[in-house]
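Have a look at the structure below before the remarks.
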C-alpha cells in the first residue's frame, strides 16, 4: 500500500517551504544554544542532561512553529507487518555500512572530530539523546511533516529525494550528509509505501543506537564499524554483500508492502 492521501484538510508544501522549515530549525537553535550555554556554566556536571533537554526543546519548538505556520494538525501513521519491520532493520544496517564507507573517503579534520566527541556524551543521557530523542523528533519533522507534505504536491521520487537532501543538509556537515541522504531515501521510500512513521523511527533508533554502542565500547563516538574490517579486500567483500542485500531487501519489501490491502477510500498521491 503506497502512501495515499485524500484528506483535503492536510496541506502540501513546496520544496522552498521545506527549506524554510530548516531555516526555522536553525533560527530556533540560536536562543536554545544561548540558554544551553548559560545553564552549562551553572551546572557543568549535568552537561549530558542539559544537551538532551536542549535538543528536545530545539526540535519541539520547531515542530510546534511548523505545525502552526503550515496548519499541519497531525502526523501520518498506519499499520505495518512485523516482517516489513524486521527486513527494514536489516536494510538500515546494510545501508549504514555503505554510507560509512563512502563518508570515510572524505578526510575529517581533527577539530571536527573533537566537535563530534564534545557533542555526544557516552552515558545514559547521551544514549537517550542519540538513540531515542533524535530518531523520534527527526522522523516527526523530516518524514511526518516535510515528506508527508511534499508527497501531496510532488511525485514520490521527487518528494523522497528532496526530503532526503534536506535531511542531509540539516546535519550541517558532509560526513553525516552522506548517511542522512542514503538512509533518508530508504526511510522516505518506506514511509511512502506504508504511510507509517513508526518504521522510520525504529530504523533510525536502531541505526543511532548501534553507532552509540560502538562508540561506548571503543570510547570514541567517531568510531566506525568499517574501521574493523581488517583490510581493503575484506572491506570490498562486505560492501559488495551489503549492496546485494540492500537491493534484494528492497525487492522483497516492495512485494510485502503491496500485500497490505489499502482502505476503500484510498486515492493516489499527487504527482507533478
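So, by mean Cβ neighbours within 10 angstrom, what's the order for 147-158, 179-190, 60-71 with the highest one leading?
Working: 147-158: 20.8, 179-190: 23.4, 60-71: 15.8.
Result, highest mean Cβ count within 10 Å first: 179-190, 147-158, 60-71.
Going by average Cβ density within 10 Å per residue, which order do the peptides 98-111, 205-218 take, highest to lowest? Don't skip to the end; give the middle numbers.
Details: 98-111: 13.6, 205-218: 17.4.
Ranked from most to least packed, the peptides come out as 205-218, 98-111.
Tell me the relative contact order for the chain as a rounded percent, counting alpha carbon contacts under 8 Å between residues six or more apart. Walk me through the numbers before you get to the answer.
Numbers: 319 pairs, mean separation 92.9, N = 272.
Rounded, it is 34 percent for the chain.
By the gyration tensor of its Cα atoms, with a ≥ b ≥ c the square roots of the eigenvalues, what is the shape of the stretch 15-257: rounded for a/c under 1.5, prolate for a/b over b/c, or oblate?
Values: a/c = 1.76, a/b = 1.06, b/c = 1.65.
Because a/c hits 1.5 or more and a/b fails to exceed b/c, the stretch 15-257 counts as oblate.
Under 14 Å from a point 7 Å along the Cα-to-Cβ line of residue 220: which residues of the stretch 117-132 have their amide N that close?
The answer is 117-118.
So, by mean Cβ neighbours within 10 angstrom, what's the order for 233-242, 219-228 with the highest one leading? Provide the component values of the computation, followed by the final result.
On the way: 233-242: 13.7, 219-228: 15.3.
Those peptides, ordered most packed to least, come out 219-228, 233-242.
Let me have the 222 nm mean residue ellipticity of the chain computed from DSSP H runs of 4+ only, each contributing -39500 (n - 2.57), with the sum over all residues rounded to the nearest 500.
Details: 11 runs with 181 residues, N = 272.
Mean residue ellipticity at 222 nm (helix-derived): -22000 deg cm²/dmol.
A short reminder: the numbers here are calculations on the coordinates, not readings from a lab. Values in this document were obtained by computation on a predicted structure and should not be read as measured data. Heads up, the Cβs are rebuilt from the backbone with ideal geometry, glycines too, and the neighbour counts pull from every protein chain shown.
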